[in-house]
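Okay, so here's the structure we're looking at.
The values are calculated or read from the model by the stated rules, or taken from the named source; none is laboratory data. Everything numeric here is computed off the predicted structure, so don't read it as measured data. Counting neighbours? That spans all protein chains shown, and the Cβs are built from the backbone with ideal geometry, glycine included. These accessible areas exclude ligands, DNA and RNA; they are computed on the full protein's heavy atoms, side chains included. Shrake-Rupley method; radii C 1.70, N 1.55, O 1.52, S 1.80 Å.
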Amino acid sequence: QAQLVESGGGLVQAGGSLRLSCADSRRTFIRYTMGWFRQAPGKEREFVAAISWNGGSTYYADSVKGRFTISRDNAKPMVYLQMNSLKPEDTAVYYCASDPRPAHAMGSTPRLVDFWGQGTRVTVSS
């Protein structure tokens with residue numbers, strides 16, 4: 001079966017940077033929208049960023065816009081989330097996700113996203 005595998009999480013100080021990676025290990029989602037969600041302790045899962053299959057369109061939550069950048073390399077295939085200027089409120093488990101719909105749909109109707117990775121934990125200390 002298809003599998004999404006996240007990596008790159010860890011502990012970082014506020015103001016620092018971290019890059020998350022997501023491997024489409026069976027090359028199933030090359031023509032799919034890819035994205036990232038996160039879930040902080042005691043909170044519901046929230047949309048972070050999405051990218052269209054060819055990388056032509058990107059979407060970001062207001063809370064991360066200007067600090068995070070999503071990208072993808074369909075030759076590997078891999079999806080990345082570059083996180084800069086990290087804040088303690090960015091602490092969460094980050095999940096890679098895939099969706100056959102256009103990229104804007106991932107953020108607008110996240111409850112319809114069916115393909116998820118297992119998550120990688122990011123902790124930002126103050």
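Go through the range 41-88 and give me each residue that's of a type in the set (Phe, Trp, Tyr) and part of a strand (DSSP E or B). Outline the logic, then answer.
At the first step, the residues of the range 41-88 found to be of a type in the set (Phe, Trp, Tyr) are 47, 53, 59-60, 68, 80.
Selection gives Phe47, Tyr59, Tyr60, Phe68, Tyr80.
Being open to solvent by 60 Å² or more (accessible area, probe 1.4 Å) and part of a strand (DSSP E or B) holds for only one residue in Arg19, Arg38, and it is Arg19. When we screen Asp90, Asp73, Asp114, Asp99 for residues that are within 12 Å of Ala50 (Cβ to Cβ) and of a type in the set (D, E, K, R), the only hit is Asp99.
Reported count of residues in the range 41-55, each being without any contact (Cβ under 8 Å) to a residue 60 or more places away in the chain, farther than 12 Å from Asp90 by Cα and surrounded by 15 or more Cβ atoms within 10 Å (Cβ to Cβ), is 6. Would you confirm, using the coordinates I've provided, whether Asp24 is surrounded by fewer than 19 Cβ atoms within 10 Å (Cβ to Cβ) and more than 24 Å from Val124 (Cα to Cα)? The answer is no for Asp24. Consider the range 89-103 and keep the residues that are in a strand (DSSP E or B) and out of contact with any Lys or Arg (no Cβ under 9 Å at 6 or more places or on another chain). The one that is surrounded by the fewest Cβ atoms within 10 Å (Cβ to Cβ) is Asp99.
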